[in-house]
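Some notes on the structure that comes next.
The values are calculated or read from the model by the stated rules, or taken from the named source; none is laboratory data. Since the structure is predicted, the reported quantities are computational estimates derived from the model, not experimental observations. With ideal geometry, Cβ positions are generated from the backbone for all residues, glycine too; neighbour counts draw on all protein chains shown.
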Amino acid sequence: MNYNEELKARTLHVNAVIRDYLPEEKGFQKTILSAVNYSMEAGGKRIRPMMMECTWQMYEGRGTVIAPFMAAMEMIHNSSLIHDDLPALDNDSMRRGRKTTHKEYGEALAIMAGDVLLNYAYETAFRSFDALKDAEDPQQLAGRISEALRVLAAKTGINGMLGGQSCDVEYDGRTMTENQIEFINRTKTGALIEGSLMIGAILAGAPADEVRTLEEIGTDIGLAFQIRDDILDVTGNAQEIGKPVGSDERNRKSTYVSLFGVQAGRQKVEKLSENALMKFDSLSVQHEFLRRLLEELATRRR
Ligand code: GRG
C-alpha cells in the first residue's frame, strides 16, 4: 500500500474507533450531545489518535486498551477547537468546511459542548480499565494505564494545552518575544502531539528513555505543526483548509510568521522536522508509515 492509500485507510479506521465511543444522543441532554457529536463527526485529519496507534504498534501493543485513549485524545482536541472558535476567542464561523459549533448551536451551548466533551474524554479514557479483565498481567497493564492517564491529563492541563492557550489569549494583540511564542506553540499545540506519541508507547510497554525521546519528537513536530498552521493562515487556500484565511491578522495575533515572515517560518519548520526525524531514526524500533506522516506534516496543505 502506498502512503496516501494507507493514510486513507488509517483515517477510516480511526474514525470507526472514535465512533464506538461517541455518546448516544438521548434524554433531556439530547441537544448538547448532538452538539458534541456535530464537532466530533465534522472530519478532521485525526493525526493525534493516528500517531498514538502507530507508537502502540511500534512497541507491539496487544489488546484493546489503546482504543479508548485514541478516542479520548481526539475528544480533548475537539473540545479545544469548539472553544477556540468562540466569539470571545478567535470568533471563527467556519471549520473543516462547515459552520463552527457556536454558529450552529449558539454560543451558550457551544461553551457547554466544549466542557462536556473535555470531561467525556476522561470518562472515555477510564474505560481503558475494562481491558484488565482479558489481560495476561492485569497489574502490569493497570500500571501502564495509570501512567497513560497521568500523561493525558498533564498534556491537556495548565502545563500543556490549557496553559499555552491561556497565555495566547492573555497576550492577544501584543507583540510577543520569540520565547513567548515558542512557549505557547509548544504547549497549546505541541503538548497533545507529545502526549499522543507517548501514550501509545507507554501502553505497549516501551522503555522509559524511548518514551522521553518520543516526547522530544512531539515537541519538535508540535512546534513545526503550529508554524505550518500560521503559514497556511497567510498563504493557504480557504477551501482546502476548510476555514477562512487571515484569522491571525484579523485578531492581531503574534505568531512566528507575523514576527519573522513566511520564509523564515518555512525554514524553521524544515529544521524542526529534520530534528524530529533524526531522533525518530535513533529509536530501537521503526514504523515506516509514522515516519512518513511526521515528514509530511511539515509541508501539509490543510
Ligand atoms: C476545552 C475548556 C477547554 C478549553 C480549550 C481553546 C483552547 C482551550 C485551546 C486551543 C488549542 C488550539 C486550538 C491549538 C491549536 C492547535 C491546532 C493547530 C489545531 C488544528 O489541528 P488540526 O490541524 O485540526 O489537527 P483537524 O481539523 O485536522 O482536527
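Within the range 91-99, is there a residue that is surrounded by 19 or more Cβ atoms within 10 Å (Cβ to Cβ) and within 15 Å of the ligand (Cβ to nearest atom)?
The answer is yes; a qualifying residue exists.
Among the residues that make up the range 217-227, is at least one of them within 16 Å of the ligand (Cβ to nearest atom) and part of a loop (DSSP other than H, G, I, E, B)?
No, because not a single residue in the range 217-227 is within 16 Å of the ligand (Cβ to nearest atom) and part of a loop (DSSP other than H, G, I, E, B).
Given the residues 266, 228, which is the only one that is under 15 Å from the mean Cα position of the chain (by Cα) and surrounded by 15 or more Cβ atoms within 10 Å (Cβ to Cβ)?
Checking each option against the conditions leaves just 228.
For the range 49-89, how many residues are surrounded by fewer than 23 Cβ atoms within 10 Å (Cβ to Cβ), charged (D, E, K, R) and within 13 Å of the ligand (Cβ to nearest atom)?
Of the residues in that region, 1 qualify.
Hey, which of the helices (runs of 4 or more DSSP H) in the range 242-289, taking only ones fully inside, have at least 1 residues that are modelled with pLDDT of 95 or more?
Because the criterion is at least 1 residues that are modelled with pLDDT of 95 or more, the helices (runs of 4 or more DSSP H) in the range 242-289 that meet it are 256-260, 262-281.
Would you check which residues across the range 40-78 are among the aliphatic types (A, V, I, L, M) and in contact with a strand residue (DSSP E or B) (Cβ under 9 Å, 6 or more places away or on another chain) and list them?
42
So for the range 177-195 (the condition being part of a helix (DSSP H, G or I), touching a Ser or Thr at 6+ places or on another chain (Cβ under 6 Å) and hydrophobic (A, V, I, L, M, F, W, C)), does at least one residue qualify?
no
Taking the range 90-148, which residues are closer than 29 Å to residue 208 by Cα and basic (Lys, Arg)?
Those that are closer than 29 Å to residue 208 by Cα and basic (Lys, Arg): 127, 133, 144.
Just to be sure, is residue 97 touching a residue at least 40 places away in the same chain (Cβ under 8 Å) and under 19 Å from the mean Cα position of the chain (by Cα)?
Here the answer is yes, as residue 97 does meet what is asked.
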